[in-house]
Amino acid sequence: RGGRGGAAGVRQPARGMKLTPAGEVIVAEARSLLAHADEFQQRAGALGHSLEGELSVACFTNLGPVYFSNLLAQFCRIHPSVSVKIFVCDQQEILSGLVGGQYELAVTFDLDIPKHFEWLTLAVIPPQVVLPARHELANARGVSLKRLASEPLILMDLPHTRDYFMSLFHGLRISPNLRFCSTNFEMVRTMVGNGLGYSILNLIPHSSSTYDGTRIRHIPIIETVRPLEVGCLSVGRVAQRRVAKAFIEFTRKYFDEVTSGQSKRTSR
């Protein structure tokens, strides 16, 4: 159609629709109208004391099974009238989906986030080396990336994620022996468990067993390397609805409890 303001979206082969700048403005304005309508209903007493409505939330793929499922279960118990739609994505899908209006919020890592997004830090998680349980360094208190440089590396290969992990080596002027790549978190863990190499991950599941029954160990890195932040992400300069604010606040409290619990276990 076009018109003086331009089309709202441009179709890309095999990638669906991408919003033009004009389309992004329309999405932002629509969100603001929804937020204002939500606040009006609240003040008018239509919502009473309960929280109701729908919320679309994107979750970074690796965070889903480690944290997000438990977070969602607790939130739904407290707010049973809220319908939360979950989208498990990589970072590129999260960023484009927020801009395009598919998701209202995201729980993800601070990987290459543009300035026009709004970010709330929930936790800071350092990277750790992942080794087979039978590796000679599996029981070490710390391990050097320089010591592992010649061994096969199994890389978590997602958009933005791969650049982060490779930057850890480049910052130390190390050239790793990259052997395998996978976009699947558990596939990386099982390859390590089967002795195909080592990896680096920030997330540590509660169990050291992998899907196929092999066992792995997470060892702190001796060198000073950049940690990742887990946080709530949304499009900046857009009014948030009551249900979105409640989810963000709940998520903040959840990660406060999780990180404090992890600190207690580590100090024992």
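The values are calculated or read from the model by the stated rules, or taken from the named source; none is laboratory data. Treat the numbers as computed from the prediction; the structure is a model and nothing was measured. Because the Cβ atoms are built from the backbone with ideal geometry, glycine has one as well, and the counts that use them run over all protein chains shown. We work out accessible area using only protein heavy atoms, side chains counted, and drop any ligands, DNA or RNA first. Shrake-Rupley method; radii C 1.70, N 1.55, O 1.52, S 1.80 Å.
Taking the listed residues 124, 107, the one that is more than 17 Å from residue 237 (Cβ to Cβ), assigned to a strand (DSSP E or B), open to solvent by 60 Å² or more (accessible area, probe 1.4 Å) and in contact (Cβ under 8 Å) with a residue 40 or more places away in the chain is 124, with no other qualifying. The set of residues from region 72-104 being over 15 Å from the mean Cα position of the chain (by Cα) and touching a residue at least 40 places away in the same chain (Cβ under 8 Å) comprises 74, 75, 78, 79, 82, 84, 99, 100, 101, 102. Among all positions in region 70-82, there is at least one residue which is surrounded by fewer than 21 Cβ atoms within 10 Å (Cβ to Cβ) and either part of a strand (DSSP E or B) or touching a Cys at 6+ places or on another chain (Cβ under 6 Å) (or both). Summed over region 122-152, the residues that are within 26 Å of residue 93 (Cα to Cα) and in contact with a Phe, Trp or Tyr (Cβ under 9 Å, 6 or more places away or on another chain) give a count of 4.
At least 2 residues being closer than 19 Å to residue 224 by Cα and open to solvent by 10 Å² or more (accessible area, probe 1.4 Å) is the threshold, and among the helices (runs of 4 or more DSSP H) wholly inside region 128-199 those reaching it are 145-148, 161-171. Each residue in region 142-176 was checked for being polar (S, T, N, Q) and closer than 20 Å to residue 217 by Cα, and 2 of them qualify.
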